[in-house]
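The next block holds one structure in the form of structure tokens; read it before the comments.
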Amino acid sequence: MFVRMQLDLPAEASYVRLCRHLAETVLSGMGVSPQDVNDVEVIMGEVCANAVRHAYNNPSETYRVELDVCPETVRVTVRDHGKGIDLNEREKDPREMREGGRGMFLINTLADRVDMSVLGGTTVTATLGLHYK
């Protein structure tokens with residue numbers, strides 16, 4: 001079974017929680033293991049929070065969230081058309097950071113693969129293998 005969820009959301013923190021909840025509902029309903037559901041929720045929350053915090057100076061902007069669930073994998077993609085990020089940020093050790101900045105470390109730790117591009121904004125795609133109950 002293939003499921004695709006696509007949302008265009010305002011760059012406001014309140015919508016990050018909504019994304020996490022929708023991902024949890026979809027994946028749990030498909031019988032995905034609780035650990036994988038949790039990992040996807042964390043990844044989605046971190047990537048969306050980065051878009052909200054860093055992409056824009058104006059909260060009236062929007063970003064796009066996609067959740068693609070295939071039988072063996074799930075892919076989370078978040079696209080914004082904001083100012084972009086420094087791709088070197090994803091390589092930093094979180095112990096070297098005073099406040100914040102741990103999101104990309106978590107995403108890279110939990111996902112099997114993470115792709116980032118900065119072209120007319122930032123796109124982060126995280127892919128994970130799925131296990132079922």
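The values are calculated or read from the model by the stated rules, or taken from the named source; none is laboratory data. Every value quoted in this text rests on a predicted model; they were computed, and no experiment measured them. All Cβ positions, even for glycine, are placed from backbone atoms using ideal geometry, and neighbour counts span all protein chains on display. With ligands, DNA and RNA removed, areas are computed over all heavy atoms of the protein, side chains included. Shrake-Rupley method; radii C 1.70, N 1.55, O 1.52, S 1.80 Å.
Figures for the structure shown
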item	result
Segment Ala13-Thr73, extension gain: residue separation times 0.36 nm, minus the distance between their alpha carbons	18.9 nm
Stokes-Einstein translational diffusion, the chain - Kirkwood Rh over all Cα pairs, 1.002 mPa s, 20 °C, in µm²/s	144
Carbon + sulfur, % of accessible area of the chain - ligands and nucleic acids excluded, 1.4 Å	50
Candidates Ser117, Ser28, Ser60: whichever shows maximal mean-square fluctuation once the chain is modelled as a Gaussian network with Cα springs under 10 Å	Ser60
Förster-model FRET efficiency, 30 Å R0, Met1 and Arg53, C-beta, rounded to 0.05	0.30
